[in-house]
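K.L.:
After the structure tokens below, expect a handful of questions from me.
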Amino acid sequence: MDAQPKQAPQEAEPEHFRKGMESIAGLGSMALNVALVGWFWGQWSVMFTILSVSVVLTLFNLLLVERMARRFGWGVTEAARTFLNIVGMLVAGIAAQWIPLVWTFMPYGLLWFNGAGDRWVRHRMVTYMVVVDVVALATGARVDTALAFTVLSIFSYAVSERRVKLMWGSLKQELTQREALEKANRDLAKAHQELQMLHQRAVEQEKLSSLGMLAAGVAHEINNPMSFVTSNVNSMLRDLRDEQNLSEVMKEYVDDVLPATLDGIKRVNAIVADLRRFARGDPEAHTGFDLDVEVESALRIAHGQLGHLKVEKDLGGVGMVVGRPRQIVQVLVNLLVNAGYATPAGGSVSVITRRDKDGVRMEVRDTGSGMSEETKRHLFEPFFTTKPAGEGTGLGLSVVHGIIRSHGGRIAVESEPGQGTSFVIRLPLVPPLPTYEPPSFRDKRMGG
Amino acid sequence: MARILIVDDEVHVIGALRRLLRREGFSIEVALHGEEALEKLATFHPDVVISDFRMRGMNGLELLGHVLRLAPTAVRVLISGHADLSSSGGQPGSVISHFISKPWDDERLVADVRALLGSQGSATPGA
């Protein structure tokens, strides 16, 4: 004998929920079966009949229900299950002469009817009860017992149906809430990530712009004394050259020492000029220019530093761009010279230009030594250099950064130690104007 | 002989400019700040005024504004170490005739001054 659940599972029903219910329902019918077996111990034919019914129904539930449901749908399966339960109930009831212990299966089975979803569930329940009652009364069941268990069954079903409906309601609500919560969480995480990215970019900009102001101040302070140092050494050299009778020592000054000094001075002035460019951008006027032509020009200028490498260019015919061509050439030369420095003989450097929907994309890629995370972090800061002391000023890439920014563009670097480096520059076709405002003459903090 | 007034609050800058321009044959007068420069204008009538921008008291641009009123024929040159203002030369009105950035190139500065004197001479004969 069996009274497995006859719920009509719904699409929305979580699998684990249905499984949990079924295991408890199975336990209940097993307990009733054990009681029946105990009651009819000794009357072997009755006991055997009840056991067979139980085994048949259990096997059907365990082995066939899922497969049938998959093949014919739950409606057909539940109808078959109802039919089998009716037959089982009748066989067992007649064999046990309708004692209350057998009747118990009826309300117990209806307790597990699932009221939600399947519109045939009530029909099945009514059919079940009517058939069982009619046959039971016709085969000698007591009327009062049949009435008692029928009423009990109806209300077991009603209570169960109501409870299931309420449970589904709250479960669905909870699921909706959980979904909304998860979505909110995802949105929040995304927003947080974006915010963090913006913050980091702002910090970077802030750092570079305060360094820019510092650089401008330093440049100004150096320019003033350098102006007379340069002029004085120049005058002195010219005056000494005009002298006829110089001692050997003074001759050495005129021929070697002073020219070398002037050369050093020129270098200092060039560095300061770079610093100033980093701080302010160059006042070169905006003009339309062919980017690929400027790339060729930069390659010619940097040629000397790239002699040991294979130079590849892949120019995409990007056409006219508005900006400051001299500065763009300077950017490319700086990147190419760096690439030449970082790449051992036999490696390669490539320059790629492309037009895309927002503007142009330039890439300078080498197969050189690459950079560490630490280097990448400080790359664009003035005075940061990985070259040995005295060889690099650490201004090249900060100037590059300043120029690209003044063009309304962006520069990004991709690099792994040992894997080479790739600088990707994106420029708008027309930079946001005006990008360069000459410092006001009325600003008293400036000048000198 | 063209007369040049040099104004800068840094003595060494004045020294260098004076040395450079004197050997080119100009007659030089110097002032350490704007007020002193304006006093000099009473007795000295320069063809060129070269002024530093940032100075204590009056700045170079204000000084050159006064110069424009007091000695309208003088060429007004602003010299500064702050930033490249060459592209905006002559922009704030016609207060400055020319801009030179520090550190200057000796030959270029002399050539510029000569050129300015030449154009000034032909534009306002008898200055």
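K.L.:
Of A:Gly346, A:Thr139, A:Asn234, whose Cα points farthest to the positive end of the dipole of the protein assembly as shown (charges on the beta-carbon: +1 Lys, Arg; -1 Asp, Glu; origin at the Cα centre)?
P.N.:
Working it through, the farthest residue towards the positive pole turns out to be A:Thr139.
K.L.:
Just want the answer: with Cβ charges of +1 for Lys and Arg and -1 for Asp and Glu, which residue in B:Thr43, A:Leu152, A:Ile94 is farthest toward the dipole's positive end in the protein assembly as shown?
P.N.:
Of the listed residues, the answer is A:Ile94.
K.L.:
If eta is 1.002 mPa s and T is 20 °C, what Stokes-Einstein diffusion coefficient results for the range A:314-419, Kirkwood Rh from Cα pairs, in µm²/s?
P.N.:
145 µm²/s
K.L.:
Let me ask something else about it. For the Cα atoms of chain A, what angle does the longest principal axis make with the long axis of helix A:143-242, in degrees from 0 to 90, nearest 10?
P.N.:
Once rounded, the angle reads 0 degrees.
K.L.:
Considering only DSSP beta bridges where both residues belong to the protein assembly as shown, give the percentage that are antiparallel (nearest 5).
P.N.:
Counting DSSP beta bridges with both partners in the protein assembly as shown, the antiparallel share is about 55 percent.
K.L.:
Under the Karplus relation 6.51 cos²θ - 1.76 cosθ + 1.60, θ = phi - 60°, what is the ordered set of whole-Hz ³J(HN,Hα) values for the range A:54-66, x standing for Gly and Pro?
P.N.:
Karplus values, whole Hz, x for Gly and Pro: 4, 5, 4, 5, 5, 4, 4, 5, 6, 9, 9, 3, 4.
K.L.:
Here's a follow-up. With respect to the cross-link table entries A:Lys165/A:Lys190; A:Lys251/B:Lys102; A:Lys19/A:Lys165; A:Lys183/A:Lys376, which display a Cα-Cα separation exceeding 28 Å?
P.N.:
Table pairs above 28 Å Cα-Cα are A:Lys165/A:Lys190; A:Lys251/B:Lys102; A:Lys183/A:Lys376.
K.L.:
Could you work out how far helix A:325-342 tilts from the main Cα principal axis of chain A, as a 0 to 90 degree angle to the nearest 10?
P.N.:
The helix A:325-342 is inclined about 80 degrees to chain A.
K.L.:
Related question: How much length is gained if the chain between A:Ala79 and A:Glu179 is pulled fully straight, taking 0.36 nm per residue apart and subtracting their Cα-Cα distance, in nm to one decimal?
P.N.:
32.5 nm
K.L.:
Also, quick follow-up: What ranking do A:Val249, A:Val399 get, fewest neighbouring Cβ atoms within 10 angstrom at the top?
P.N.:
Exposure proxy ranking, most exposed first: A:Val249, A:Val399.
K.L.:
Would you mind putting A:415-425, A:33-43 in packing order, based on average other-beta-carbon counts within 10 Å, highest first?
P.N.:
Ranked by mean Cβ neighbours within 10 Å, highest first: A:415-425, A:33-43.
K.L.:
Something else now. Per residue of B:49-57, what is the mean number of Cβ atoms on other protein chains within 10 angstrom of that residue's Cβ?
P.N.:
2
K.L.:
Suppose every Lys and Arg Cβ carries +1 and every Asp and Glu Cβ carries -1, with no other charges. What dipole size does the protein assembly as shown come out with about its Cα centre, to the nearest 20 debye?
P.N.:
Here the size comes out at about 2280 debye.
K.L.:
Can you sort A:Leu152, A:Leu246, B:Leu64 so the residue with the fewest Cβ neighbours within 10 Å comes first?
P.N.:
A:Leu246, A:Leu152, B:Leu64
K.L.:
Take the Cα atoms of the range A:103-224, build their convex hull, and give its volume per residue in Å³.
P.N.:
With only Cα atoms used, the range A:103-224 gives 96 Å³ per residue.
K.L.:
Using a 7 Å offset from the Cα along the Cα-to-Cβ direction at both A:Thr375 and B:Arg56, what is the distance between the two label points in nm, to one decimal?
P.N.:
That separation, rounded to one decimal, is 5.0 nm.
K.L.:
By how many nm would the segment from A:Met236 to A:Val322 lengthen if fully extended, with 0.36 nm per residue of separation less the alpha-carbon distance?
P.N.:
Extra length available between A:Met236 and A:Val322 comes to 26.5 nm.
K.L.:
Then there's this: Using +1 at the C-beta of Lys and Arg and -1 at the C-beta of Asp and Glu, which of A:Gln305, A:Ser415, A:Phe40 has the Cα lying farthest in the positive direction of the dipole of chain A?
P.N.:
Farthest along the dipole direction, towards plus: A:Phe40.
K.L.:
Then there's this: How large is ³J(HN,Hα) for each residue in the range B:106-115, as worked out from phi by the Karplus curve 6.51 cos²θ - 1.76 cosθ + 1.60 (θ = phi - 60°), to whole Hz, x for Gly and Pro?
P.N.:
Per-residue couplings from phi come out as 3, 4, 5, 4, 4, 4, 4, 4, 4, 4 Hz.
K.L.:
With contacts defined as alpha carbon pairs under 8 Å and 6 or more residues apart, what's the relative contact order of chain A in percent?
P.N.:
11 percent
K.L.:
Now for a separate question. So, by mean Cβ neighbours within 10 angstrom, what's the order for A:250-257, B:74-81 with the highest one leading?
P.N.:
Listed from highest to lowest mean packing, they are B:74-81, A:250-257.
K.L.:
Still on this model: By average Cβ neighbour count within 10 Å, what is the ranking of A:331-337, A:408-414, A:226-232 from highest down?
P.N.:
In descending order of packing, they fall as A:331-337, A:226-232, A:408-414.
K.L.:
Once you average over the residues of B:2-14, how many Cβ atoms of partner chains fall within 10 Å of each Cβ?
P.N.:
Average per residue, whole number: 2.
K.L.:
Next question, about the same structure. Based on alpha-carbon positions alone, could you give the equivalent ellipsoid semi-axes of the range A:327-373 from the gyration tensor, as √(5λ), descending, whole Å?
P.N.:
So the equivalent ellipsoid measures 22, 12, 10 Å along its semi-axes.
K.L.:
A further question follows. In degrees between 0 and 90, to the nearest 10, how far off the longest principal axis of chain A does helix A:258-280 point, with axes built from Cα atoms?
P.N.:
40 degrees
K.L.:
When you look at the Cβ of every residue in B:99-109, what mean number of other chain Cβ atoms sits within 10 Å?
P.N.:
Shielding by partners across B:99-109 averages 5.
K.L.:
Most exposed first by the Cβ proxy, i.e. fewest other Cβ within 10 Å, how do B:Met58, A:Met89 rank?
P.N.:
Starting with the residue having the fewest Cβ neighbours, the order is B:Met58, A:Met89.
K.L.:
From the mean inverse distance of alpha carbon pairs (Kirkwood) and the Cα radius of gyration, derive Rg over Rh for chain A.
P.N.:
Using only Cα positions, Rg/Rh for chain A is 1.48.
Laboratory data are not the source of any read-out in this text; all were calculated from the coordinates shown. Computed from a predicted structure; not experimentally measured. When we count neighbours, we look across all protein chains shown, and the Cβ atoms used for this are built from the backbone with ideal geometry, even at glycine.
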